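Structure record follows, encoded as structure tokens.
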Amino acid sequence: MKHACLACCTAVIAVAGLAFGCSSDKKPTVTSSAGAEATGGSKSAQGGSPSTNEGGAPASGGSEATTGNGGKPGTAGADGTGGTRETSSAAGSAGAPDRAPPRGICQATCNKDCTSDQDCDMTAGQMCCDYGTAGKACVPATQCPTMCQDDTRCNTAQGLACVLQDIAAEYKVCAAPSTGVKTCTDDDDCASGNVCCQNYDQPFCTTPSKCAKACTKSTDCETELRGETCCTTLKVLEPHLAVAGLCINTEYTTCPQPCTQSSDCGGSAPLCCDGLCAASCGTEYCDTSSDCTGQICCKSALTRLPAKTQTFSQGPHCSGTPSYTACPSSVTSASSCTNIQGCKAGDVTGTCSGTVYACSYNSSSTTCAAQPGCTWSDSGGCYGTVYSCSTHSSSASCAAQTGCDWTVSAPARCSGTALSCSTTSESTCIHRPGCTWTPTTTSSCTGTPYYSACSSWSGTSSYGTYCTGAGCEWDSSTYTCSGTVKPCNANTTSADCSAEYDCSWTSGTGSCSGTPTPCADITESTDCLSANGCYWYTETGACTGTPTSCGSNESSATCSSANGCSWTTSAVCLGTPAPCSDSESSSTCSSSYGCYWSTSSIPCTGTPTACALMPLETCSKQSGCSVVSN
């Protein structure tokens with residue numbers, strides 16, 4: 001893109017991600033938001049003077065050194081892909097292009113152009129990295145892009161994939177998938193919540209807020225509702241735009257003003273820079289370093305990388321789909337109609353019904369005093385909505401609530417048919433009430449431990465179990481095993497024997513005899529085991545009565561959370577609210593208190609207001625609508 005700067009200026013203006021400007025001798029200048037980001041370059045590579053090394057990338061704070069060490073690339077480069085480079089890229093680049101040197105950019109440091117690694121300071125970790133048609137430059141190996149056509153060239157084990165990082169990029173690189181851009185033909189190609197933005201010569205998936213509405217004139221935009229205007233000069237900032245203009249709110253996104261001289265400009269953008277009005281001008285173009293002041297003329301490959309594609313938002317707006325597609329023909333309360341923006345309720349009479357909210361729902365003395373039956377207490381008290389007696393399923397919780405009584409329908413009991421004592425298992429026998437185990441042979445642990453020294457189980461975290469199983473002491477911080485390995489026969493239980501590597505357990509033999517205790521005679525749940533054929537049934541019953549209200553509790557001891565009550569020493573709204581049925585008009589039958597006014601029919605007319613037509617300040621009042629920002 002060529003720019004003609006016709007005003008004299010020295011600073012930078014940021015306009016939607018790009019900066020335009022000119023030098024003191026009116027040479028055109030441009031700074032792209034996607035330009036290379038240097039981490040410390042050099043003023044002259046391999047010891048050359050500024051006039052002999054006019055090639056390199058923009059630097060951000062690099063000091064003068066004897067070797068070029070510029071920053072990482074912009075949209076065409078990968079961000080730290082492991083220090084590899086593509087010498088024959090997907091774009092077909094095999095070196096710096098054979099063409100006349102382009103105009104350079106005045107800057108403090110500059111990467112050195114190259115054709116092979118030997119042209120770079122390899123001792124400083126540099127290599128000659130390929131940037132496609134932009135050429136090659138010496139940069140730190142870790143910043144070298146890995147060009148690719150598919151994932152086979154990428155380190156997928158590190159989560160890298162072959163991605164296109166911008167529609168302006170001429171090749172794909174190995175990078176994190178989240179940095180890639182997905183091209184598309186329609187919204188179905190994009191993830192849920194994203195749209196296929198058709199404003200560009202190559203449509204791509206993005207969020208709706210970053211894809212402004214296309215336009216040819218301001219009447220295509222929501223001028224009155226959102227303050228939008230049709231900006232037709234954004235193509236100057238973003239050459240990939242394929243539409244005449246975009247609807248933007250100039251309070252949030254600047255619409256560049258074209259100019260031929262500074263007298264065409266005014267206000268906060270009084271200078272004509274690169275054909276656009278700006279507050280100040282920036283990057284200085286050059287042919288040789290003598291054109292620069294205290295800097296060098298950099299013509300490195302990194303300065304020729306394409307700028308990052310810019311997106312534009314129309315600014316904060318109301319978005320979504322109203323939950324109601326039409327106003328209900330009739331409703332049971334006026335608020336059910338008027339809560340839908342665009343709907344209007346008619347005059348009605350009827351009755352008030354519903355379950356009134358507890359007084360404690362009121363968080364201020366004003367709303368508390370407005371609810372019949374409620375009183376504001378600055379010193380606190382017991383508040384809440386008391387649980388009904390029927391919610392309690394045990395005698396203990398029922399008895400804890402005043403006004404409730406527990407009636408037993410079936411006591412706790414052990415039931416079933418106890419299994420006989422004739423079992424071959426010692427462990428089962430000794431845990432069966434009424435049975436006795438008579439051993440014939442004893443159980444034993446035999447074998448030879450896998451290692452004779454505890455230290456053999458040191459070195460990795462996975463050895464910890466083996467270390468302790470061998471009777472040794474394990475230090476998890478150093479993965480060290482110490483102590484003395486116990487012999488297999490020292491283990492007296494099958495669990496300990498099995499835990500020691502290469503030891504095996506041989507169960508003893510014997511006989512189980514006796515008369516099992518009947519299940520019905522067992523009184524403790526711990527002895528009523530399903531393994532013995534018995535099953536424990538807890539007590540069942542019903543909790544009935546009328547619970548006392550939370551407000552009737554005058555101390556924290558009787559104000560139990562198990563009953564739905566809470567005690568506080570802070571200010572709170574207390575009392576017993578008047579039931580909804582006490583209200584005789586729709587004005588006093590408030591949904592704020594859980595009450596609803598109903599009649600045989602309340603007419604509701606109108607059409608729900610579309611989210612796009614809702615003002616920002618009332619957007620959230622329409623269910624289904626929300627404010628979407630930049």
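Condition (residue is assigned to a strand (DSSP E or B) and loosely packed, with under 13 Cβ neighbours inside 10 Å) applied to region 480-495: is it met by at least one residue? Break it down into steps so the answer makes sense when it comes.
Quick first cut of region 480-495, residues assigned to a strand (DSSP E or B) only: 480-482, 484.
Then drop every residue that is not loosely packed, with under 13 Cβ neighbours inside 10 Å, which leaves 484.
Yes.
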remark   = When every residue in region 237-265 that is open to solvent by 40 Å² or more (accessible area, probe 1.4 Å) and outside any loop (DSSP other than H, G, I, E, B) is compared, the one nearest to THR309 (Cα to Cα) is PRO258
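Which residue, of SER513, SER525, SER504, is within 25 Å of THR407 (Cα to Cα) and either among the polar types (S, T, N, Q) or touching a helix residue (DSSP H, G or I) at 6+ places or on another chain (Cβ under 9 Å) (or both)? Break it down stepwise before answering.
Details: SER513 fails: within 25 Å of THR407 (Cα to Cα); SER504 fails: within 25 Å of THR407 (Cα to Cα).
So the residue among SER513, SER525, SER504 that is within 25 Å of THR407 (Cα to Cα) and either among the polar types (S, T, N, Q) or touching a helix residue (DSSP H, G or I) at 6+ places or on another chain (Cβ under 9 Å) (or both) is SER525.
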request  = Evaluate the following for ALA571: is it out of contact with any helix residue (DSSP H, G or I) (no Cβ under 9 Å at 6 or more places or on another chain) and touching a residue at least 40 places away in the same chain (Cβ under 8 Å)?
outcome  = no
request  = Please state which one of GLU584, GLU539, GLU554, GLU617 is over 30 Å from ALA345 (Cβ atoms), among the acidic types (Asp, Glu) and open to solvent by 80 Å² or more (accessible area, probe 1.4 Å).
outcome  = GLU554
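Of the residues ASP502, ASP521, only one is open to solvent by 70 Å² or more (accessible area, probe 1.4 Å), among the acidic types (Asp, Glu), closer than 22 Å to GLY434 by Cβ and modelled with pLDDT of 90 or more; which? First the steps, then the outcome.
Details: ASP502 fails: closer than 22 Å to GLY434 by Cβ.
Selected residue: ASP521, the only one of ASP502, ASP521 that is open to solvent by 70 Å² or more (accessible area, probe 1.4 Å), among the acidic types (Asp, Glu), closer than 22 Å to GLY434 by Cβ and modelled with pLDDT of 90 or more.
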message = Go through region 437-466 and report how many residues are within 30 Å of PRO516 (Cβ to Cβ) and out of contact with any Cys (no Cβ under 7 Å at 6 or more places or on another chain).
response = 7
query = Looking only at residues in region 458-479 that are of a type in the set (Phe, Trp, Tyr) and free of Cβ contacts under 8 Å to residues at least 24 places away in the same chain, which one is surrounded by the most Cβ atoms within 10 Å (Cβ to Cβ)?
reply = TRP474
query = Pairs under 6 Å by beta carbon, first residue among the aliphatic types (A, V, I, L, M) in region 343-363, partner assigned to a loop (DSSP other than H, G, I, E, B), six or more apart or different chains?
reply = VAL348/THR599; VAL356/PRO577; VAL356/PRO579; VAL356/GLY594; ALA358/THR385
Top-ranked residue in region 412-457 [being without any contact (Cβ under 8 Å) to a residue 40 or more places away in the chain and outside any loop (DSSP other than H, G, I, E, B); ranked as farthest from ALA490 (Cα to Cα)] = ILE430
query = assigned to a loop (DSSP other than H, G, I, E, B), over 30 Å from GLU224 (Cα atoms) and open to solvent by 60 Å² or more (accessible area, probe 1.4 Å): does that describe TYR357?
reply = yes
request  = Consider THR407 carefully, then state whether it is assigned to a strand (DSSP E or B), within 30 Å of ASP496 (Cα to Cα) and open to solvent by 40 Å² or more (accessible area, probe 1.4 Å).
outcome  = no
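So in region 557-570, with the set limited to residues that are closer than 20 Å to SER388 by Cβ and over 39 Å from the mean Cα position of the chain (by Cα), which one is least open to solvent (accessible area, probe 1.4 Å)?
Our first condition is that a residue be closer than 20 Å to SER388 by Cβ; within region 557-570, this holds for 558-566.
In the following step, the residues that additionally are over 39 Å from the mean Cα position of the chain (by Cα) were identified as 558-560.
Numbers: THR558: 75, CYS559: 13, SER560: 36 Å².
If we take residues in region 557-570 being closer than 20 Å to SER388 by Cβ and over 39 Å from the mean Cα position of the chain (by Cα), then CYS559 is least open to solvent (accessible area, probe 1.4 Å).
Every residue, every condition in (1) open to solvent by 10 Å² or more (accessible area, probe 1.4 Å); (2) under 30 Å from VAL195 (Cα atoms), yes or no:
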residue: ALA278; (1), (2): no, no
residue: CYS286; (1), (2): no, no
residue: THR293; (1), (2): yes, no
residue: CYS298; (1), (2): no, no
residue: ALA301; (1), (2): no, no
residue: PRO306; (1), (2): yes, yes
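Which one of these is over 50 Å from the mean Cα position of the chain (by Cα) and hydroxyl-bearing (Ser, Thr, Tyr): THR417, THR402? Break it down stepwise before answering.
Details: THR402 fails: over 50 Å from the mean Cα position of the chain (by Cα).
Of the residues listed, the single one that is over 50 Å from the mean Cα position of the chain (by Cα) and hydroxyl-bearing (Ser, Thr, Tyr) is THR417.
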ask   = Out of (1) under 27 Å from ALA418 (Cα atoms); (2) of a type in the set (A, V, I, L, M, F, W, C); (3) at pLDDT 90 or above; (4) not in a helix (DSSP H, G or I), the odd one out for TRP474 is which?
value = (1)
key: When residues of region 91-124 are limited to those that are in a loop (DSSP other than H, G, I, E, B) and of a type in the set (A, V, I, L, M), the one modelled with the highest pLDDT   = ALA108
query = Quick one: in region 320-344, which of the residues that are part of a strand (DSSP E or B) and modelled with pLDDT of 90 or more is farthest from VAL195 (Cα to Cα)?
reply = LYS344
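Limited to region 366-395, what total is found for residues that are open to solvent by less than 60 Å² (accessible area, probe 1.4 Å) and farther than 29 Å from ALA542 by Cβ? Spell out the reasoning first.
Our first condition is that a residue be open to solvent by less than 60 Å² (accessible area, probe 1.4 Å); within region 366-395, this holds for 367-368, 371, 373-374, 377, 380-382, 384, 386, 388-389, 392, 394-395.
Next, only the ones that are farther than 29 Å from ALA542 by Cβ stay: 367-368, 371, 373-374, 377, 380-381.
Of the residues in that region, 8 qualify.
The values are calculated or read from the model by the stated rules, or taken from the named source; none is laboratory data. None of these values were measured; they are calculated from a predicted model. When we count neighbours, we look across all protein chains shown, and the Cβ atoms used for this are built from the backbone with ideal geometry, even at glycine. What goes into the accessible areas is simple: the full protein's heavy atoms, side chains included, and nothing from ligands, DNA or RNA. Shrake-Rupley method; radii C 1.70, N 1.55, O 1.52, S 1.80 Å.
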